[in-house]
Every structure is written in structure tokens, then in C-alpha cells.
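What follows is a set of notes on a single structure, which appears directly below.
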Amino acid sequence: MTENKELKESIFRRIFYSKLFFILFMLAPMLLHLLIFWAGVQVEFISLAFIDADTGTFSFINFKNLFENLLTGAGDLSVLPESLKNTFLFFMIGVLQIPLYLFFAYMLYKQMFGYKFVRLAMYLPHMISTLMMAIMFQQLLMTDGPVITFLNGTLGLNIPTPIIMNFPLVEIAFFDIWIGMGANLVLWMGAMGRIPRELLECGELEGVTPVQEFIKIIFPLIYPTFTTFITLSFVNILSASGSILIFTEGNYGTNTLSFWLWNVAYKGRTDQYGISSALGLVMCIVTIPLVYLGRKFINRFGGEVEY
């Protein structure tokens with residue numbers, strides 16, 4: 001009896017260890033990849049922020065140079081003040097576009113006049129690659145393109161051309177809003193689609209106007225979705241950027257902090273690795289409490305909704 005019990009335990013142990021070995025063997029490439037290309041990179045990234053490139057010793061010189069150049073800019077780092085300004089600009093555009101997306105989502109949800117044209121115009125960019133849409137968008141705004149020809153020729157306006165040289169940030173912001181409209185409308189309409197129709201029908205019987213319906217019925221019920229979008233916007237407060245690589249490659253005063261970091265790594269500017277690592281670390285440290293406090297502040301005006 002005892003021998004049979006020991007035999008069973010021995011078999012169970014062998015099965016257990018064989019399964020464990022098989023699982024570890026299958027996970028080994030993934031874990032190795034994670035350790036080398038994520039954990040290893042993160043450790044090196046953080047260490048570079050505290051190393052003086054000239055002496056190779058521990059120092060806060062990278063943070064000192066970073067904050068000095070963010071305010072004034074000098075030499076190869078003269079682009080940093082411009083990058084900081086543009087980052088906040090794109091962040092504000094990201095926040096302000098939420099009400100715009102809400103308006104068009106409500107328009108499609110209620111099938112208002114012109115909603116079919118809006119639906120086609122907003123969903124069309126997602127049927128074509130972003131690069132092709134950017135090329136088409138640039139061709140439309142060329143000096144001899146249809147948009148400028150109509151505005152300057154037909155309406156008699158005097159808009160400086162080419163647009164990308166005179167108003168690069170405006171062009172990039174408009175393109176980003178347009179190209180991001182489709183996916184955002186799907187999310188907003190999905191939130192509105194969960195609202196019971198009985199509530200809206202009751203409001204119509206009471207004579208509620210579309211504005212009152214949106215403010216007093218729809219918006220409170222989709223408030224959790226609104227807080228999610230605002231929170232995600234706060235995540236990008238120091239990493240907000242636009243389609244800079246496609247349109248300008250950082251020229252015409254369109255650099256942002258995140259694009260500058262990418263450009264340093266892409267061009268292999270080893271002399272700027274320390275400052276770029278310090279900038280990335282500062283962005284992470286600043287963003288985390290801002291996201292937490294921002295979400296906590298927004299949740300004070302509304303909580304979870306069940307219906």
C-alpha cells in the first residue's frame with residue numbers, strides 16, 4: 001500500500017516537473033527577449049541620465065544642461081524650447097478635439113442632417129493608409145492645389161503658400177484631427193449606443209431639445225468614457241506630438257520633445273544620449289502624478305454609471 005502511494009507521488013512529480021520544464025522552455029525566448037530588449041534597455045536608459053559623458057562618472061550634469069536648454073537653448077540643443085512649446089500646443093489640441101469628436105458622434109448617433117456625408121468624410125481615411133492620406137492631403141494644399149486655388153482665386157483671399165512652410169503646425173493639427181476622427185467616433189458612438197432608448201424617448205415626450213438631451217441625459221451617462229479620454233490626454237502631456245515625420249521631419253519649427261528624442265536615437269547622436277535620457281526620465285516622473293491628480297479631479301464631477 002505504501003509502495004503504491006510512493007509510486008503515484010513519484011509519477012505525479014515527474015508529470016509536474018515535465019510540464020513545468022515544457023512551460024519554461026516555451027517561455028524562455030520571450031523572457032530572454034524581455035530581459036534584453038526591455039529591462040536591459042530601461043536600465044541602460046536610466047543609467048545614462050546620471051553619467052557625465054566627458055568623465056564617465058556619476059553626475060547630475062545632464063539634468064542641469066537639460067533644464068538650462070529647455071529655457072534658453074544653445075547650439076545643437078537650441079530646438080528644445082521650441083519643442084517644449086509645440087508639445088504643449090499639441091497637448092491642448094488633443095484635449096480640445098474631444099468636444100469636436102463628441103459633437104460629430106452625437107450628430108451621427110441622432111442621424112442629423114448631413115450625417116451621411118460626415119460619416120463618409122470621417123471614415124474614409126481609415127480605408128486608405130495614413131501615408132497615402134498624408135500625400136493626398138499635401139497635394140490638396142499645394143500652391144496650385146484645388147483648396148488654395150478656390151480660396152485665393154474664387155473667393156479672392158490672399159493665403160500665403162505653400163501652407164506647409166507658412167502654417168505647418170496648423171496643417172499638421174488639422175490632418176491629425178481628421179485622420180483620428182474615425183476611430184474616436186466609433187468609441188464615442190459605442191458609448192452612446194449603450195444608452196437605453198427609453199430614456200431618450202421619455203425626454204422627447206417631455207419636449208427636451210437636442211442640446212438639453214445631450215447635456216442632461218447623454219453626457220452624464222457617457223461620463224466614464226469622457227474621463228478615460230481625458231486621462232489618456234494627460235498621459236501625453238509631455239509626449240504629445242503630431243504627424244511631424246510625414247510632413248516636415250522637424251523642419252519649419254515643428255519639433256516636439258518626443259520627436260526630438262526619436263531623432264536623437266535615429267541619427268545616433270551619442271553626445272546627446274545623456275540629456276535625452278534625462279528628458280525621458282523627467283517626462284515619466286512628471287507625467288505619473290499629473291495623470292493621477294487629473295483623473296482624481298475629473299472623477300469628482302461624476303462617477304461610474306450603471307444602466
Item to complete: Read through the labelled values (1) -0.40; (2) -0.70; (3) -0.56 and report the label of the one computed as log10 I(q)/I(0) by the Debye sum over Cα atoms at q = 0.09 Å⁻¹ from the structure.
Response: (2)
Practice prompt. Rounded to whole Hz and in sequence order, give me ³J(HN,Hα) for the stretch 30-35 from the Karplus expression 6.51 cos²θ - 1.76 cosθ + 1.60, θ = phi - 60°, writing x for Gly and Pro.
Written response: 5, 5, 5, 4, 5, 5
Practice prompt. Based on the mean of other Cβ atoms within 10 Å per residue, sort peptides 19-29, 167-177, 62-72, 119-129 so the most packed one is first.
Written response: 167-177, 62-72, 119-129, 19-29
Worksheet item: Once amide H atoms are built 1.01 Å from N in the peptide plane, which residues 5 or more positions from I51, or in another chain, come under 5 Å H to H?
Response: S59
Discussion item. Ignoring solvent entirely, what values of log10 I(q)/I(0) come out of the Debye formula for the stretch 178-307 at 0.18, 0.20 Å⁻¹ when each Cα is a single scatterer?
Written reply: -1.06, -1.17
Discussion item. Less than 17 Å apart at the alpha-carbon level, and either on another chain or at least 8 residues along: which lysines does that give for K110?
Written reply: K216
Discussion item. Highest mean first, how do 104-111, 258-265, 137-144 rank when packing is the count of other Cβ atoms within 10 Å averaged over residues?
Written reply: 258-265, 104-111, 137-144
Worksheet item: How far is the Cα center of the stretch 23-73 from the Cα center of the stretch 181-223, in Å?
Response: 47 Å
Response to the item:
Straight-line reach check, K8, cutoff 19 Å on alpha carbons, 8 or more apart in-chain or any other chain, hits among lysines -> K19
Worksheet entry | Projected label distance in nm at T55 and Y123, using a 7 Å step from Cα toward the beta-carbon | 6.3 nm
Worksheet entry | Helix-derived mean residue ellipticity, 222 nm - over the chain, DSSP H n ≥ 4, -39500 (n - 2.57), to 500 | -21000 deg cm²/dmol
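Throughout, read-outs are computed from the coordinates displayed, never taken from laboratory work. Worth saying up front: this structure is predicted, and the values here are computed from it rather than measured. Ideal geometry is used to build each Cβ from the backbone, glycine not excepted, and the neighbour counts take in all protein chains shown.
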